[in-house]
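Chemist: Below is the structure I would like to discuss, written out as structure tokens.
Computed from the coordinates by the stated procedures, all read-outs in this text should not be read as laboratory data. Not measured: the values here are computed from a predicted model. Counting neighbours? That spans all protein chains shown, and the Cβs are built from the backbone with ideal geometry, glycine included.
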Amino acid sequence: MLRNLTGLLYGLTLALATPALAEIDADLLTGDMSKLEILEPHAPAITAFVDADGEIGDLSMYHGQVVVLNFWATWCAPCREEMPSLQALQDLMGGSDLEVVTMAFGRHNPMAMKKFWSETGVTSLPLHVDPASEMARGMGVRGLPHTFVLDRQGRIVAQLIGTADWAAPEMLKVMEAYLAE
């Protein structure tokens with residue numbers, strides 16, 4: 001009895017502490033979104049990256065925004081397939097409240113990255129690199145593409161391993177729930 005009550009109180013506390021998570025309707029997690037795994041909110045271990053100009057950046061620059069953080073590589077065929085939908089998500093919802101952030105996994109030639117962008121129709125996503133894959137390892141990336149959702153406090157709240165249509169109606173509704181947090 002006490003164990004059940006403790007579990008119930010923990011669940012209620014989590015739901016109240018993270019209202020958007022509680023509002024995500026299981027009916028939205030269909031199709032590609034059935035692969036979206038809701039996680040216990042936690043801060044990423046490593047947040048530093050290198051931008052396309054070779055400057056050091058940090059995920060903290062997106063604090064206050066919901067971030068869709070996508071790990072990809074120029075040699076990854078599924079990444080090539082998925083990237084246009086990430087651009088579409090940015091076009092539809094990106095701005096001061098939501099940002100799609102791309103993170104090239106491992107060492108990448110900036111010219112090859114720009115060619116990849118051109119070939120996949122990407123026009124406004126940032127070119128960031130995790131050159132030693134430290135951020136990816138710290139987040140538990142287990143294959144590419146691997147996408148995380150970070151809440152406005154910079155905590156990882158969900159992940160999706162593999163490709164997805166990030167501009168699908170059910171994903172837009174999921175993003176709206178995170179934005180409502």
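Chemist: Just the number, please: percent antiparallel of the DSSP beta bridges in the chain, rounded to the nearest 5.
Modeler: Details: 18 of 28 bridges.
So the antiparallel bridges amount to about 65 percent of the total.
Chemist: Quick one: pull the percentage of alpha-carbon pairs in the stretch 26-179 with a separation above 28 Å. Please report the intermediate quantities before stating the final value.
Modeler: Values: 1155 of 11781 pairs.
It works out to 10 percent of all Cα pairs.
Chemist: Which ordering of S124, S85 is given by a fewest-first count of other beta-carbon atoms within 10 Å?
Modeler: Details: S124 10, S85 18.
In order of increasing Cβ crowding within 10 Å: S124, S85.
Chemist: Taking the Cβ of each residue in M111, M135, M93 as the centre, tally the other Cβ atoms inside 10 Å and list the residues starting with the fewest.
Modeler: On the way: M111 8, M135 23, M93 20.
Ordered from fewest to most neighbouring Cβ atoms within 10 Å, M111, M135, M93 come out as M111, M93, M135.
Chemist: Given the DSSP H assignment, sum -39500 (n - 2.57) over each helix run of at least 4 residues in the chain and divide by its residue total; what's the result at 222 nm in deg cm²/dmol, nearest 500? Can you show the working numbers first?
Modeler: Numbers: 6 runs with 66 residues, N = 181.
Mean residue ellipticity at 222 nm (helix-derived): -11000 deg cm²/dmol.
Chemist: Under 26 Å Cα to Cα from K173, which lysines show up? Leave out anything in the same chain fewer than 8 places away.
Modeler: Within the straight-line limit of under 26 Å, K173 reaches these lysines: K35.
Chemist: Now for a separate question. Sort M171, M61, M139 by Cβ crowding within 10 Å, fewest neighbours at the top. Before the final figure, lay out the partial values.
Modeler: Details: M171 24, M61 15, M139 21.
Going from least to most buried by this count: M61, M139, M171.
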